[in-house]
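The values are calculated or read from the model by the stated rules, or taken from the named source; none is laboratory data. Source: prediction; values computed, not measured. Every residue, glycine as well, gets a Cβ built from its backbone with ideal geometry; the counts of neighbours run over all protein chains shown.
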Amino acid sequence: MRALFLTANLGGNVPPTMAIAQELCRRGIEVEIAGLAAAEPAGDRGSDAYPVAVDARWAARRDASGRWEPPGTRQAGIFLSRRFAADAERLVHDRRADIVVVDCMALALIAGSQRTGIPVVVLLHTFGEFWRRAALHGLVSGLLRGLGHSPRLLWGAAALRLLLTDRELDPASGAPELAGYAWTGTTEVGVAAPASASRLPRVIVSFSSTPLAGMRAVYWRAIDALAGLPVEVIVTTGSCDIQGSRPRTVPANVTIEGFVPHSEIFPGAALVIGHGGHSTTMKALAHGIPLIVLPLNPTADQSLIGDIIAAEGLGAKLSPRSDPAMLRRTVEDMLADAALRERAAATGARLRSAPPGAAVAADRILALARA
């Protein structure tokens with residue numbers, strides 16, 4: 001059996017996509033991914049549980065320095081381009097796929113795939129409430145419908161629609177518009193906090209792996225807020241150059257890293273300060289860590305996720321323009337809040353006890369392919 005994933009490096013969609021693809025590989029399914037050819041290796045060194053990368057014209061590229069190029073017309077074409085819809089249709093035929101798995105945002109790729117008659121699975125990589133608001137209602141929905149790529153119609157025509165998130169935290173869990181959608185649970189995994197040691201509490205500052213407007217300033221406001229506190233701070237910057245042309249002095253209690261796997265630094269952490277990306281947020285919760293959310297992208301799901309975190313008593317949502325003094329007070333209050341720690345720990349235990357989201361998604365995809 002061969003599964004073909006059609007996607008692109010849009011940031012937060014990559015971790016759940018890869019988790020599901022790898023789970024299918026572990027089950028002996030031949031998996032290919034088109035659109036991440038420049039983002040992911042064609043094979044995991046020393047492992048056969050990794051999909052094969054198939055190049056596509058819409059894939060992001062790295063520049064001469066190794067940094068990702070800004071999203072441009074090539075990658076943006078996955079939303080509406082007729083050419084990329086034709087590319088997707090041709091690719092499904094050429095790769096002889098038995099089932100096609102497409103990111104929900106890649107409307108053109110969904111349209112092209114559906115013309116082949118092969119079963120199409122749509123992956124929705126954040127809370128259903130975001131998709132309900134942003135794509136199934138309102139101005140954006142109407143605009144896309146007018147351009148011939150209605151999310152409501154394209155997603156509705158899919159053989160399977162998978163929400164890769166936790167249903168209990170999703171405000172849209174009972175929304176009638178999502179009656180035909182399946183929640184898989186989060187594809188992020190965590191571990192229970194190790195036994196407490198005498199070391200200082202660890203605070204992780206981790207924003208998007210894709211540079212966003214104003215991100216450098218937000219990083220430094222967070223660093224200034226944490227400077228001198230009795231905490232160990234690890235700042236992961238991804239591809240964002242936070243020093244720029246005028247390097248600043250880094251406080252003694254702060255370590256700045258580039259790309260660091262969250263699985264290496266999240267276990268035992270006391271607090272995560274993030275941008276509200278779904279993958280980072282759910283990974284922190286799976287580890288039982290409370291969060292401070294500073295939404296950086298007003299058009300994405302980050303503000304909604306911050307609202308959910310605050311409403312569920314799992315952390316706080318602040319403006320990314322909050323000054324260091326306000327952020328510092330919030331950090332101090334949260335580190336001293338035993339009830340907050342207990343709620344976060346309980347949420348982590350619940351998420352870890354649930355069937356892994358990648359496994360649930362793989363079950364549903366294989367059941368459809370074999371039907």
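The combined condition, being modelled with pLDDT of 95 or more, part of a helix (DSSP H, G or I) and within 23 Å of residue 306 (Cα to Cα), is not fulfilled by residue 172. Per this entry, residue 186 is not counted among residues that are β-branched (Val, Ile, Thr), assigned to a loop (DSSP other than H, G, I, E, B), in contact with a strand residue (DSSP E or B) (Cβ under 9 Å, 6 or more places away or on another chain) and modelled with pLDDT of 95 or more. In the stretch 234-325, counting only helices (runs of 4 or more DSSP H) that sit wholly within it, the ones holding 1 or more residues that are among the basic types (Lys, Arg) span 278-286. Screening the candidates 354, 346 for the property of being over 23 Å from residue 296 (Cα atoms) and exposed (fewer than 14 other Cβ atoms within 10 Å of the Cβ) yields one hit, 346.
So, of the residues in the stretch 189-212 that are under 30 Å from residue 360 (Cα atoms) and surrounded by fewer than 18 Cβ atoms within 10 Å (Cβ to Cβ), which turns out to be modelled with the lowest pLDDT? If you could, list the steps in order and put the result at the bottom.
So in the stretch 189-212, the residues under 30 Å from residue 360 (Cα atoms) come out as 189-194, 204, 206-210.
If we keep only those that are surrounded by fewer than 18 Cβ atoms within 10 Å (Cβ to Cβ) as well, we get 189, 191-192, 194.
Working: 189: 95, 191: 95, 192: 91, 194: 85.
Only one residue tops the list, namely 194.
Does residue 331 count as buried (at least 21 other Cβ atoms within 10 Å of the Cβ), outside any loop (DSSP other than H, G, I, E, B), under 16 Å from the mean Cα position of the chain (by Cα) and of a type in the set (A, V, I, L, M, F, W, C)? For residue 331, the condition - buried (at least 21 other Cβ atoms within 10 Å of the Cβ), outside any loop (DSSP other than H, G, I, E, B), under 16 Å from the mean Cα position of the chain (by Cα) and of a type in the set (A, V, I, L, M, F, W, C) - is not met. For residue 249, the conditions (1) among the β-branched types (Val, Ile, Thr); (2) modelled with pLDDT under 95; (3) surrounded by 15 or more Cβ atoms within 10 Å (Cβ to Cβ) all hold with the exception of (3).
Against the condition in contact with a helix residue (DSSP H, G or I) (Cβ under 9 Å, 6 or more places away or on another chain) and of a type in the set (Phe, Trp, Tyr), how does residue 259 come out, does it pass? No. Looking only at the stretch 301-323, which residues are closer than 19 Å to residue 135 by Cα, buried (at least 22 other Cβ atoms within 10 Å of the Cβ) and either over 18 Å from the mean Cα position of the chain (by Cα) or without any contact (Cβ under 8 Å) to a residue 40 or more places away in the chain (or both)? 302 - this is the single residue of the stretch 301-323 that is closer than 19 Å to residue 135 by Cα, buried (at least 22 other Cβ atoms within 10 Å of the Cβ) and either over 18 Å from the mean Cα position of the chain (by Cα) or without any contact (Cβ under 8 Å) to a residue 40 or more places away in the chain (or both).
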